[in-house]
């Protein structure tokens with residue numbers, strides 16, 4: 001004998017602990033007289049026990065995965081670096097369209113020197129670009145493995 | 001530090017103890033990675049980047065954990081928000097089409113139950129069989145199963161983490177169990 005779809009759904013939900021209490025009594029009563037549904041409940045209970053025993057087939061982040069205070073500061077430093085880069089672009093722009101454009105070798109000429117105290121990356125204001133790139137590429141290089149059983 | 005509860009660790013992290021955060025990362029990195037990969041259907045490398053973002057968000061918002069729920073319920077909520085923020089910004093359509101945002105789902109048909117499907121198998125063989133069957137499930141069913149069976153969240157908590165109606169959690173879990181029953185039944189054991 002096979003019960004209807006709705007009853008089987010409720011039996012499964014009961015075995016999984018997902019059936020609202022208001023519906024549980026009726027399903028329990030049905031189970032007492034229905035071997036097929038009782039077998040279904042038993043199958044779901046065994047399945048859940050097997051799931052717990054097997055453990056989740058977790059992905060593994062790898063040993064190199066970590067979140068350090070250094071990294072947590074990275075967004076701010078990235079912003080500082082972007083700001084510094086924008087300032088550099090602006091300085092270059094100002095230099096190139098300086099008026100009048102100096103003629104190399106002309107009397108009193110020569111390229112207008114960058115104003116002292118102009119663009120520079122202040123010590124400690126952010127990582128050197130190569131460090132930043134290394135850090136970002138390092139994040140992507142962390143291997144991902146499928147792990148063994150976990151519980 | 002290793003013995004401390006999750007809740008103690010997150011409070012310590014909020015107070016600036018980086019070692020406490022490190023312990024939480026060790027405890028949960030694989031579980032969060034797997035959740036991100038399954039719930040958002042991401043390839044492992046992308047899920048790994050997102051996982052890093054999740055722990056950065058945890059670090060930054062540790063002070064907002066008030067202890068009204070279990071730490072892991074809060075953690076997976078943060079993970080879900082980080083993931084959804086990413087999807088909202090970049091591929092909102094994908095999230096919607098993957099059914100991550102809304103909606104109950106149909107309950108699938110259940111095969112006739114037959115107890116003892118896994119009897120007579122060696123423990124290792126049984127584990128491999130079950131894990132293989134889980135791997136074959138659709139991602140969003142796996143994510144719900146992860147939170148229910150291995151993280152031990154109540155279905156109301158799962159609904160809160162995933163921001164879906166309780167009925168959706170019920171139907172996803174129902175479908176996961178039904179598919180697993182079918183899959184294990186077809187092994188002809």
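Any read-out appearing in this document is the output of simple, stated calculations on the displayed coordinates, not a laboratory observation. Computed from a predicted model, the values in this text were never measured in an experiment. For neighbour counting, all protein chains shown are included, and Cβ atoms are generated from backbone atoms with ideal geometry for every residue, glycine included.
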Rounded to 10°, Cα long-axis angle of helix B:123-135 versus longest principal axis of chain B
80
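Using a 10 Å cut-off on Cβ atoms, rank the peptides B:6-12, B:117-123, A:41-47 from the highest mean neighbour count down. Can you show the working numbers first?
On the way: B:6-12: 18.7, B:117-123: 13.9, A:41-47: 21.0.
Highest mean packing first, the order is A:41-47, B:6-12, B:117-123.
When Cβ neighbours within 10 Å are restricted to other protein chains, what is their mean count per residue of peptide A:29-39? Don't skip to the answer; put the middle values down first.
Values: counts 0, 0, 0, 0, 0, 0, 1, 3, 2, 2, 5.
Averaged over the peptide's residues, the number is 1.
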Per-residue mean of other chain beta-carbon atoms within 10 angstrom of the beta-carbon, peptide A:17-24?
2
Checked chain B against the a/c 1.5 cut and the a/b vs b/c comparison, axes a ≥ b ≥ c from its Cα gyration tensor; verdict prolate
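Report the FRET efficiency, 1/(1 + (r/R0)^6), for residue A:38 and residue B:135, where r is their Cβ-Cβ distance and R0 is 51 Å, rounded to 0.05.
On the way: r = 30 Å, r/R0 = 0.59.
Here the calculated transfer efficiency is 0.95.
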Calculate the FRET efficiency for residue B:15 and residue A:49 from the Cβ-Cβ distance with a Förster distance of 51 Å, rounded to the nearest 0.05.
0.80
Give me the angle, in degrees from 0 to 90, between the Cα long axis of helix B:166-185 and the longest principal axis of the Cα atoms of chain B, rounded to the nearest 10.
50
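Per-residue mean of other chain beta-carbon atoms within 10 angstrom of the beta-carbon, peptide B:5-17? Mind dumping the intermediate values first?
Details: counts 0, 0, 0, 0, 0, 0, 0, 0, 0, 0, 0, 1, 0.
Counting other chains' Cβ atoms within 10 Å and averaging over B:5-17 gives 0.
Among B:48-54, A:26-32, how do they line up from the highest to the lowest mean number of other beta-carbon atoms within 10 Å? Walk me through the numbers on the way to the answer.
Values: B:48-54: 22.9, A:26-32: 14.4.
Ranking, from highest mean packing down: B:48-54, A:26-32.
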Calculated FRET efficiency, residue B:2 and residue A:64, Cβ-Cβ r, R0 22 Å, to nearest 0.05?
0.65
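Which of the peptides B:62-68, A:58-64 is most tightly packed, and how do the rest follow, judged by the mean count of other Cβ atoms within 10 Å per residue?
Numbers: B:62-68: 12.1, A:58-64: 18.9.
Order by mean packing, descending: A:58-64, B:62-68.
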